[in-house]
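**Q** This is the structure I want to talk about, given as structure tokens.
The values are calculated or read from the model by the stated rules, or taken from the named source; none is laboratory data. This one's a predicted model, so the numbers in the text were calculated from it and none came from an experiment. Here the Cβ is made from the backbone with ideal geometry for all residues, glycine too, and neighbour counts use every protein chain on show.
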Amino acid sequence: MRGFVGRPEIVKRCLDLERQGKLGQSLLLIGPEGSGKELTALEIARLLNCSTPDSCSATPKCESCRKAISFQHPDIRWIGPAPATITDADVVRLLEAKQDDPFHQPSWAASSEVLIGDPEHPGSMTVRSLLQFLRMRPFQGTTKVVVVADAHRLRAGAANAFLKVLEEPPADALILLTTSIRSGVLPTIQSRCQRITFGPYTDAELGELLVRLYDLPADQARKLARFGAGNARRAARQRLPLPRAIGNWAAELAAAVAAGRSGTALLAAEQLHKGVVPESCADGLGEKITPAKELPARRERAILLCESLVVHYSEVLRCMTRGAEWSPVAVEREQTIREAATHRSPMGVLRDLEVLERAHKDIERNLNIGLMMAVLFQELVRHVEDDRSITVA
């Protein structure tokens with residue numbers, strides 16, 4: 001049995017500040033995606049309510065810690081972005097999945113917001129449920145702790161409601177907000193929080209984390225860590241069949257775009273709209289990838305493809321700029337990356353990354369998947385053609 005792991009140095013610093021009476025009641029944890037903010041917040045919540053934190057820090061032993069890591073502690077509450085239609089059964093399944101894999105994200109997370117909740121019957125994943133929770137005194141531990149993941153996704157009403165409790169938090173409460181987009185958090189919320197900044201994991205740190213969380217062989221963990229490039233969620237996800245199949249698909253599509261095969265790319269846009277991943281991309285992964293029927297799952301696949309293409313074009317750009325010092329994230333794709341780097345311009349690849357980021361955001365905004373991906377692929381093909389015309393001229 002393990003804790004939430006998180007970033008040990010930040011957990012220790014916060015616990016030391018709490019012992020000294022210098023820890024604020026509202027903390028904003030800021031850092032890039034996959035930098036361990038949420039796990040760190042949950043680990044702080046666990047150890048603050050543990051009567052023997054020194055003996056339980058590495059391995060949870062007491063009843064309080066066992067409840068915390070199973071999301072059943074009466075004095076700790078976690079919420080994050082969720083659809084308005086989420087049910088109690090959905091929440092139970094989500095928390096069970098997060099117990100097995102702390103970096104688990106449901107398919108609807110990317111396109112959902114943190115909700116305010118109904119005044120009379122707020123769901124458990126809402127701000128109003130947290131406000132009710134904070135009005136009660138601690139039941140088992142010493143501190144009521146709430147963790148709000150992705151605070152930049154707080155809806156306006158939810159953010160304003162939360163602001164009131166930040167102005168006058170209960171004396172026995174700690175509020176932990178996490179965000180990867182600081183500018184998306186209301187300035188009035190930021191001003192009421194003690195800010196803690198996270199950097200991306202180093203490859204060594206990330207490799208050790210993956211071994212500890214998933215009991216992976218060290219060589220596999222190192223490979224995934226390089227792919228993650230500091231993003232633990234991306235690295236952890238890549239051990240699963242679906243992201244790996246989509247990664248294979250992204251490599252095929254990048255090759256098609258480089259060759260000007262726009263028909264192949266447009267067919268891919270249609271397949272994504274239907275939630276289909278080519279069977280050939282899952283060969284050797286030990287699991288068949290069935291079509292996704294629900295919109296959130298189809299949207300997740302399109303986002304995964306965008307992210308995999310970002311990795312590809314980022315590798316091409318690094319190969320261009322680092323020359324002999326460059327080493328590939330995936331050794332099996334080294335030749336493909338080097339060949340692409342010889343036919344593209346840095347400006348052209350930067351344009352590729354820009355349109356990929358825009359497509360990612362458009363899909364999160366619930367715009368038409370097929371249309372967005374078709375436009376994306378057409379722009380990527382045009383960038384290749386522009387680079388070729390520059391070379392010919």
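**Q** Only one of (1) under 23 Å from the mean Cα position of the chain (by Cα); (2) without any contact (Cβ under 8 Å) to a residue 12 or more places away in the chain; (3) within 27 Å of Val92 (Cβ to Cβ) fails for Ala151. Which number is that?
**A** Failed condition: (2).
**Q** Follow-up. Among the residues of segment 64-93, which ones are under 13 Å from Ile44 (Cα atoms) and within 22 Å of the chain's Cα centre (by Cα)?
**A** Ala68, Ile69, Ile76, Arg77, Trp78, listed by residue number.
**Q** Check whether at least one residue in segment 27-35 is farther than 25 Å from Pro169 by Cα and surrounded by 23 or more Cβ atoms within 10 Å (Cβ to Cβ), and report yes or no.
**A** Initial filter on segment 27-35 (farther than 25 Å from Pro169 by Cα): 32-35.
From what's left, surrounded by 23 or more Cβ atoms within 10 Å (Cβ to Cβ): 34-35.
Yes, the conditions are met somewhere in segment 27-35.
**Q** Lys37 versus (1) in contact with a helix residue (DSSP H, G or I) (Cβ under 6 Å, 6 or more places away or on another chain); (2) closer than 18 Å to Phe4 by Cβ: which is the lone unmet condition?
**A** (1)
**Q** If Gly6 meets every condition in (1) without any contact (Cβ under 8 Å) to a residue 60 or more places away in the chain; (2) out of contact with any His (no Cβ under 9 Å at 6 or more places or on another chain); (3) not in a loop (DSSP other than H, G, I, E, B) apart from one, which number is that one?
**A** That leaves (3) as the condition not met.
**Q** Would you be able to say whether some residue in segment 235-249 is basic (Lys, Arg), crowded, with 18+ Cβ neighbours inside 10 Å and assigned to a helix (DSSP H, G or I)?
**A** Among the residues of segment 235-249, at least one is basic (Lys, Arg), crowded, with 18+ Cβ neighbours inside 10 Å and assigned to a helix (DSSP H, G or I), which makes the answer yes.
**Q** Same structure again: Restricting attention to segment 250-270, which residues are without any contact (Cβ under 8 Å) to a residue 24 or more places away in the chain and surrounded by fewer than 18 Cβ atoms within 10 Å (Cβ to Cβ)?
**A** Residues satisfying the conditions are Ala259, Arg261, Gly263, Thr264, Leu267.
**Q** Here is a further query. Going residue by residue through segment 129-147, is there one that turns out to be modelled with pLDDT of 90 or more, aromatic (Phe, Trp, Tyr) and surrounded by fewer than 18 Cβ atoms within 10 Å (Cβ to Cβ)?
**A** yes
**Q** If you don't mind, there's one more thing I want to ask. Go through segment 316-347 and give me each residue that's under 19 Å from Gly247 (Cα atoms) and among the basic types (Lys, Arg).
**A** Those that are under 19 Å from Gly247 (Cα atoms) and among the basic types (Lys, Arg): Arg318, Arg333, Arg338.
**Q** Residues of segment 315-374 being without any contact (Cβ under 8 Å) to a residue 12 or more places away in the chain and touching a Cys at 6+ places or on another chain (Cβ under 6 Å), which ones?
**A** Hit for segment 315-374 is Trp326, nothing else.
**Q** Ok, one more. Considering every residue within segment 91-109, establish whether at least one is assigned to a loop (DSSP other than H, G, I, E, B) and over 30 Å from Ala229 (Cβ atoms).
**A** No, segment 91-109 contains no residue that is assigned to a loop (DSSP other than H, G, I, E, B) and over 30 Å from Ala229 (Cβ atoms).
**Q** Does Thr342 satisfy being among the β-branched types (Val, Ile, Thr) and surrounded by fewer than 17 Cβ atoms within 10 Å (Cβ to Cβ)?
**A** Judged against the criteria, Thr342 is a match.
**Q** Turning to a different aspect of this structure: Which ones in segment 1-22 are among the hydrophobic types (A, V, I, L, M, F, W, C) and modelled with pLDDT of 90 or more? Step through it out loud before you land on a result.
**A** Let us first name the residues in segment 1-22 that are among the hydrophobic types (A, V, I, L, M, F, W, C), namely 1, 4-5, 10-11, 14-15, 17.
Ile10, Val11, Cys14, Leu15, Leu17, listed by residue number.
**Q** Taking the criterion of being of a type in the set (A, V, I, L, M, F, W, C), buried (at least 16 other Cβ atoms within 10 Å of the Cβ), at negative phi and in a helix (DSSP H, G or I), would at least one residue in segment 66-85 satisfy it?
**A** So far as segment 66-85 goes, yes, one or more of its residues are of a type in the set (A, V, I, L, M, F, W, C), buried (at least 16 other Cβ atoms within 10 Å of the Cβ), at negative phi and in a helix (DSSP H, G or I).
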